[in-house]
1. Would you mind stating whether HIS224 is open to solvent by less than 20 Å² (accessible area, probe 1.4 Å) and closer than 22 Å to PRO150 by Cβ?
2. Could you identify the single residue in ALA104, ALA177 that is modelled with pLDDT of 90 or more, surrounded by 15 or more Cβ atoms within 10 Å (Cβ to Cβ), closer than 30 Å to SER363 by Cβ and not acidic (Asp, Glu)?
3. Give the residue that is least open to solvent (accessible area, probe 1.4 Å), with candidates limited to residues of the stretch 336-366 that are under 19 Å from the mean Cα position of the chain (by Cα) and aliphatic (A, V, I, L, M).
4. Quickly run through the stretch 1-18 and pick out the residues that are within 13 Å of VAL326 (Cα to Cα) and open to solvent by 100 Å² or more (accessible area, probe 1.4 Å).
5. Please identify the pairs in which a residue from the stretch 90-104 that is under 16 Å from LEU233 (Cβ atoms) and in a helix (DSSP H, G or I) has its Cβ atom under 9 Å from the Cβ atom of a residue that is open to solvent by less than 40 Å² (accessible area, probe 1.4 Å) and of a type in the set (D, E, K, R), counting only partners at least 6 apart or on another chain.
6. For the stretch 367-377, give me the residue count where each residue is more than 20 Å from MET1 (Cα to Cα) and open to solvent by less than 10 Å² (accessible area, probe 1.4 Å).
7. Report yes if some residue within the stretch 29-52 is without any contact (Cβ under 8 Å) to a residue 12 or more places away in the chain, assigned to a loop (DSSP other than H, G, I, E, B) and open to solvent by 70 Å² or more (accessible area, probe 1.4 Å); otherwise report no.
8. Within the stretch 313-326, is even one residue without any contact (Cβ under 8 Å) to a residue 12 or more places away in the chain, loosely packed, with under 15 Cβ neighbours inside 10 Å and either charged (D, E, K, R) or in contact with a strand residue (DSSP E or B) (Cβ under 6 Å, 6 or more places away or on another chain) (or both)?
Amino acid sequence: MLSREDCLSLDRKDPLAPLRCDFDLPEGVIYLDGNSLGARPVSALVRAQEVIEQEWGTGLIRSWNTAGWFDLPLSLGDRLAPLLGAGPGEVVVTDTTSVNLFKALAAALHIQAPSRACSDAPHVDETTLAASSQSTLRRHVIVSERDNFPTDLYIAEGLTRWLDQGYTLRLVDSPEALLTAIDQEVAVVMLTHVNYRTGRLLDMAAVTAHAHACGALTVWDLAHSAGAIPVDLAGSGADFAVGCTYKYLNGGPGSPAFIWVAPRHMQSFSHPLSGWWGHASPFSMEPGFRPHATIRSALCGTQPIVSLAMVECGLETFERTTMSAVREKSLALTDLFIGLLEARCGAHSLKLVTPREHAQRGSQVSVAFAHAYAVVQALIEQGVIGDYREPNVMRFGFTPLYLRYVDVWDAVDVMARILDQHTYDESLTPGGVT
């Protein structure tokens, strides 16, 4: 087992250590909740003041042009794209993850509609196309995991209910059941790349290839992978992706999300939220909607510029490193946490929920315990901020840009004392936001 001095030595050798200075972290706090809300970049305060005092205060409406406000969703998308394995002009930062998921799912179902299925189905051989063109069976199933983030399932349920065209949501209970659940009835496979509760990482390329072989499209939620692990949307052949910027990307609370559309689908990309910012000529004020030919068509209404500007601050740090370096440290931190936890707290019936295998692990570690909520509250009281998820899961996020090896050692040391000395209140029950 590594000692605290060993961890300090790792920090001295860490090539990402200087990036910690980019963030304003409170003294006496070990922050293991960056998978829920990232820490504030130091530059965010200055940038917010600049936008409010100068661009808005002095520039007024002129700043839509002079300060680049109008194109900010696209310019941010281009800066984010390399972290996602996407190209220029393929990503736009806008709205929320839920709203963007609605757009992506609606677009995928539109492409898969009976009148379009044969011409737009991805990577389907001629035999399959011929069979589908002769069949009257419409693809009516959306596949997802029962343990997917609830909002994703709610969005799918809401959309299918409003469409009222016989769509059904097919939920699987394990990643192993995914492939058998995807068949010729499936229109869309809607999955989260890294599970929010368990930290399980899905094989995007393998699942996408199988979905395509069955004639289905894929929509990936990258909320817990963007900025945490390398993502290769283009290389995996994915069709659509969405995600947030306030977790590992450190864009600020409620900062705008993003949506990506594979270039091969851009011509047929269409969604119900056709607002004026997605119009081919927004300032012509035409009564009818003509979608822009680019990813700009994913935009709806006027954009929240102050929030968008904060996303830029979060992305700047990533431009000083690589996702491979981030991933290497992420795995080292989570390996260290798991090892120390088992060595120091192994007598307390903790159950590791997150996979040990690197290929199946995101950048978090989840641990089940009978009194998980009470322990998380005790940790927070002593300056170690993790979070809780039902049922009985302690969840710890590891953000390599600002987390140190010694932070991991100290966090486990605090948890060991809490468990050994039983300094947690078993009567506490979950309630409110954690």
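1. On the way: open to solvent by less than 20 Å² (accessible area, probe 1.4 Å): yes; closer than 22 Å to PRO150 by Cβ: yes.
The answer is yes for HIS224.
2. Numbers: ALA177 fails: surrounded by 15 or more Cβ atoms within 10 Å (Cβ to Cβ).
The conditions single out ALA104.
3. From the stretch 336-366, those under 19 Å from the mean Cα position of the chain (by Cα) are 354-355, 358-366; that's our starting set.
Pick out the ones that are also aliphatic (A, V, I, L, M) and you get 359, 365.
Details: ALA359: 83, VAL365: 1 Å².
Filtering the stretch 336-366 for residues that are under 19 Å from the mean Cα position of the chain (by Cα) and aliphatic (A, V, I, L, M), the one least open to solvent (accessible area, probe 1.4 Å) comes out as VAL365.
4. PRO15
5. Pairs found: THR97/ASP152; THR97/ASP221; LEU101/ASP152; LEU101/ASP221; ALA104/ASP239.
6. Kept after step one, since they are more than 20 Å from MET1 (Cα to Cα), are these residues of the stretch 367-377: 368-377.
With the extra rule that they be open to solvent by less than 10 Å² (accessible area, probe 1.4 Å), the set shrinks to 372, 374-376.
Total satisfying the criteria: 4.
7. no
8. Checked against the condition, which is being without any contact (Cβ under 8 Å) to a residue 12 or more places away in the chain, loosely packed, with under 15 Cβ neighbours inside 10 Å and either charged (D, E, K, R) or in contact with a strand residue (DSSP E or B) (Cβ under 6 Å, 6 or more places away or on another chain) (or both), the stretch 313-326 yields no hits at all.
The values are calculated or read from the model by the stated rules, or taken from the named source; none is laboratory data. As the structure is a computational prediction, the values presented were derived from the model and not from experiment. A quick note on method: Cβ atoms are made from the backbone with ideal geometry, for glycine too, and the neighbour counts reach across all protein chains shown. What goes into the accessible areas is simple: the full protein's heavy atoms, side chains included, and nothing from ligands, DNA or RNA. Shrake-Rupley method; radii C 1.70, N 1.55, O 1.52, S 1.80 Å.
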